[in-house]
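Participant: Structure provided below as structure tokens; questions to follow.
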2 protein chains.
Amino acid sequence: MEAPLEYAIGIDIGGTNTKFGIVNHRGEISHRGEISSTNHTEVEDFITELYENLKPAIKEIGGEELIKGIGVGAPNGNYYNGNIEFAPNLQWKGVIPLAKLIHKKFKIACILTNDANAAAVGEMMYGAARGMKDFIMITLGTGVGSGIIANGQLILGHDGFAGELGHTIIRPGGRLHKGTGMKGSLETYASATGIAATANEMLEKNPKENSLLRKLPAKKIDSKAVFEAAVKGDKIAKEVFKFTGRILGEALANFVMFSSPEAIILFGGVCKAGDMLMKPVKKHMEKNLLPIFQNKIKLLFSELKESDAAILGASALVWEKK
Amino acid sequence: MEAPLEYAIGIDIGGTNTKFGIVNHRGEISHRGEISSTNHTEVEDFITELYENLKPAIKEIGGEELIKGIGVGAPNGNYYNGNIEFAPNLQWKGVIPLAKLIHKKFKIACILTNDANAAAVGEMMYGAARGMKDFIMITLGTGVGSGIIANGQLILGHDGFAGELGHTIIRPGGRLHKGTGMKGSLETYASATGIAATANEMLEKNPKENSLLRKLPAKKIDSKAVFEAAVKGDKIAKEVFKFTGRILGEALANFVMFSSPEAIILFGGVCKAGDMLMKPVKKHMEKNLLPIFQNKIKLLFSELKESDAAILGASALVWEKK
């Protein structure tokens with residue numbers, strides 16, 4: 001007789017939406033769903049809505065006995081204590097004992113970590129980092145997140161908050177980050193928001209340079225618009241990616257000299273720029289590395305579908321747990 | 001009957017001298033010795049001299065059967081393959097299979113790692129990091145080295161070269177590092193050499209400012225002279241430490257956001273400056289940290305005697321080895 005199948009539930013809590021699914025050991029997702037993250041001021045009500053959505057699926061696969069655990073990726077999620085702590089983009093403020101509340105409602109063990117860590121674990125189990133024991137995942141979206149794997153393990157730090165590489169200072173005294181008040185952090189340049197800011201700055205500094213981007217009001221210029229203009233050969237738009245790639249490449253060189261990863265894996269919306277971003281990133285990373293690190297760190301895009309990665313990554317936490 | 005005592009040999013290979021000793025499990029060093037690192041153009045002859053020096057000591061403690069292993073810390077020492085690879089400050093060029101050669105000569109297992117990693121392991125077993133699973137060791141000497149411990153393990157990276165934090169760029173486009181050709185790396189500012197360079201720069205930029213350091217020719221100004229002048233209240237000398245502390249503090253903030261260590265431990269000659277250095281380091285580290293990291297990372301000086309730390313650290317590798 002075959003051993004009964006085991007499943008994990010993967011939940012990805014984002015600032016706007018929460019996605020979930022049931023995942024088997026091969027990384028196949030079924031029973032996908034999505035609810036709003038902002039419908040409930042009380043986190044308990046949010047968990048109840050999540051439960052009501054997942055209940056029929058749990059029943060259908062054979063009941064909660066077959067579910068080994070629930071993995072959750074969330075901003076500022078702390079693996080050690082299962083709390084979401086002071087997440088600026090969620091409406092539940094302060095310290096939220098999320099894993100405990102989910103366990104109470106579902107009667108299933110729950111593991112929490114931050115979203116970028118979950119994505120890194122997902123990439124290690126199902127994506128571009130299969131078989132790697134040392135790599136860094138950089139998520140380039142509205143913000144810049146990171147998950148670091150060394151010796152085959154997530155680097156969580158003494159308090160569970162390791163891997164905030166988006167907030168490392170790469171241009172001392174540089175661009176102001178409105179959320180943190182710090183100047184010159186990687187996130188202010190390499191995020192989608194940062195790319196839009198760079199585009200607006202460059203348009204302003206080069207008033208005589210023609211650009212497709214001038215047809216848009218400043219607030220409508222986003223990283224997608226910059227990419228589309230660059231594809232059409234727009235000079236300023238291309239410069240924006242060169243500049244962004246330079247800053248990101250310099251930052252990656254610093255990260256390499258920290259943990260000497262086999263690969264750096266880029267993930268998230270900004271990656272759609274492809275070679276336009278990757279070429280300057282690679283050039284400036286290599287330029288800033290000691291010779292012993294040159295030409296051996298792989299620079300890869302994630303192999304996971306963006307919509308799946310977070311669910312897979314969160315569920316992978318369950319299989320990883322001893 | 002008590003179990004027989006076990007010993008480890010600790011060897012620290014520096015650019016000028018090589019120190020060694022026999023260490024017991026309590027971290028007590030006996031049979032200390034020192035030879036020149038530069039007397040032999042052939043590494044085999046150097047190892048023979050080392051062997052001749054250690055032979056009587058090994059005999060005295062009861063023979064090589066009681067020695068569990070030999071631990072060596074050396075610049076660019078690679079833990080994975082036991083090679084010293086392209087060490088700029090040693091006269092043996094290229095790839096030197098040091099662990100293999102030592103094993104052949106001594107008939108005792110040999111483990112090699114870079115000097116800062118060895119110091120970090122020593123600090124974890126016998127020093128300020130006892131009981132810690134996540135900390136960063138920064139060595140501030142002629143250069144700036146580092147050893148990173150996360151999840152209770154040395155971070156070695158995929159190739160054994162992780163932890164080159166002295167070469168991370170903290171001031172893009174800044175001071176030239178003559179050894180690497182890179183600009184603005186931490187080492188160009190926070191090393192003893194960097195402090196001397198800062199002093200000379202400040203004297204030149206402020207020609208009307210009186211300073212005790214003006215009594216010395218530029219080449220005689222070293223970090224010790226700057227410290228002594230600062231203790232006497234010399235304004236420029238005090239500014240040098242403020243500036244150095246600021247740069248180091250900013251760099252440490254970046255490192256914290258990588259691995260969120262319980263402590264950062266400073267080690268090496270530059271630490272003699274004490275509070276003169278530590279106060280600005282702490283101020284600028286805290287200033288550049290996200291709130292979730294503020295006021296919780298311990299900033300400590302090493303608790304190991306500098307002359308002992310390297311030997312203890314190298315020997316500790318032997319006990320650590322499974």
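The values are calculated or read from the model by the stated rules, or taken from the named source; none is laboratory data. Computed from a prediction, not measured in an experiment: that's the story for all the values here. As a convention, Cβ positions derive from the backbone with ideal geometry for all residues, glycine included, and neighbour counts pool all protein chains shown.
Participant: What tally of residues in the stretch A:290-322 results from selecting those that are assigned to a loop (DSSP other than H, G, I, E, B), surrounded by fewer than 20 Cβ atoms within 10 Å (Cβ to Cβ) and of a type in the set (Val, Ile, Thr)?
Facilitator: Number satisfying all stated conditions: 0.
Participant: Let me ask another. May I ask you to list the residues in the stretch B:150-162 that are in contact (Cβ under 8 Å) with a residue 60 or more places away in the chain, of a type in the set (A, V, I, L, M) and either more than 7 Å from every other protein chain (Cβ to nearest Cβ) or closer than 20 Å to residue A:297 by Cα (or both)?
Facilitator: Within the stretch B:150-162, B:154, B:155, B:156 qualify.
Yes/no matrix, rows are residues, columns are (1) crowded, with 24+ Cβ neighbours inside 10 Å; (2) in contact with a strand residue (DSSP E or B) (Cβ under 7 Å, 6 or more places away or on another chain); (3) modelled with pLDDT of 95 or more; (4) over 25 Å from residue A:97 (Cβ atoms):
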| site | (1), (2), (3), (4) |
| --- | --- |
| A:109 | no, yes, yes, no |
| A:114 | yes, yes, no, no |
| A:118 | yes, yes, no, no |
| A:123 | yes, yes, no, yes |
| A:132 | no, yes, yes, yes |
| A:137 | yes, yes, yes, yes |
| A:141 | no, no, no, yes |
| A:145 | yes, yes, no, no |
| A:149 | yes, yes, yes, yes |
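Participant: Taking the stretch A:206-241 on its own, how many of its residues are small (Gly, Ala, Ser) and touching a Phe, Trp or Tyr at 6+ places or on another chain (Cβ under 8 Å)?
Facilitator: Counting residues in the stretch A:206-241 that are small (Gly, Ala, Ser) and touching a Phe, Trp or Tyr at 6+ places or on another chain (Cβ under 8 Å) gives 2.
Participant: Filter the stretch B:75-89 down to the residues that are facing chain A (nearest Cβ under 9 Å) and not polar (S, T, N, Q), then identify the one that is surrounded by the fewest Cβ atoms within 10 Å (Cβ to Cβ).
Facilitator: Ranking the qualifying residues of the stretch B:75-89, first place goes to B:86.
Participant: Here's something else I'd like to know. In the same structural domain as residue A:185 (by TED's automatic domain parsing), under 22 Å from residue B:254 (Cβ atoms) and touching a Ser or Thr at 6+ places or on another chain (Cβ under 8 Å), is that true of residue A:265?
Facilitator: yes
Participant: In the stretch A:1-21, which residues are in contact (Cβ under 8 Å) with a residue 60 or more places away in the chain and closer than 18 Å to residue A:112 by Cα?
Facilitator: Correct list: A:7, A:8, A:9, A:10, A:11, A:12, A:13, A:14, A:15, A:19, A:20, A:21.
Participant: Right, here's the next one. Has the stretch B:250-266 got at least one residue that is more than 14 Å from every other protein chain (Cβ to nearest Cβ), touching a residue at least 12 places away in the same chain (Cβ under 8 Å) and within 24 Å of residue B:164 (Cα to Cα)?
Facilitator: Checked the stretch B:250-266: at least one residue is more than 14 Å from every other protein chain (Cβ to nearest Cβ), touching a residue at least 12 places away in the same chain (Cβ under 8 Å) and within 24 Å of residue B:164 (Cα to Cα).
Participant: Here is a further query. Restrict the check to the stretch A:231-245 and report whether at least one residue is closer than 15 Å to residue A:186 by Cβ and either surrounded by fewer than 24 Cβ atoms within 10 Å (Cβ to Cβ) or without any contact (Cβ under 8 Å) to a residue 40 or more places away in the chain (or both).
Facilitator: The answer is yes, given that some residue of the stretch A:231-245 is closer than 15 Å to residue A:186 by Cβ and either surrounded by fewer than 24 Cβ atoms within 10 Å (Cβ to Cβ) or without any contact (Cβ under 8 Å) to a residue 40 or more places away in the chain (or both).
Participant: In the stretch B:250-282, what residues are of a type outside the set (Phe, Trp, Tyr) and within 12 Å of residue B:297 (Cα to Cα)?
Facilitator: B:252, B:253, B:256, B:257, B:259, B:260, B:261, B:262, B:263, B:264, B:265, B:282
Participant: Being at pLDDT 95 or above, β-branched (Val, Ile, Thr), over 30 Å from residue B:117 (Cα atoms) and assigned by TED's automatic domain parsing to the domain that holds residue A:201 is true for just one of A:226, A:256. Which residue is that?
Facilitator: A:226
Participant: Also, quick follow-up: Could you identify the single residue in B:315, B:260 that is at negative phi and hydroxyl-bearing (Ser, Thr, Tyr)?
Facilitator: B:315
Participant: Moving on to the next point. Suppose we keep only residues that are more than 12 Å from chain A (Cβ to nearest Cβ) and outside any helix (DSSP H, G or I) within the stretch B:163-198. Which one would you say is surrounded by the fewest Cβ atoms within 10 Å (Cβ to Cβ)?
Facilitator: B:178
Participant: Sort out which residues of the stretch B:199-212 are surrounded by fewer than 21 Cβ atoms within 10 Å (Cβ to Cβ) and either part of a helix (DSSP H, G or I) or not assigned by TED's automatic domain parsing to the domain that holds residue B:228 (or both), and write them in order of number.
Facilitator: B:200, B:201, B:202, B:203, B:204, B:205, B:212, listed by residue number.
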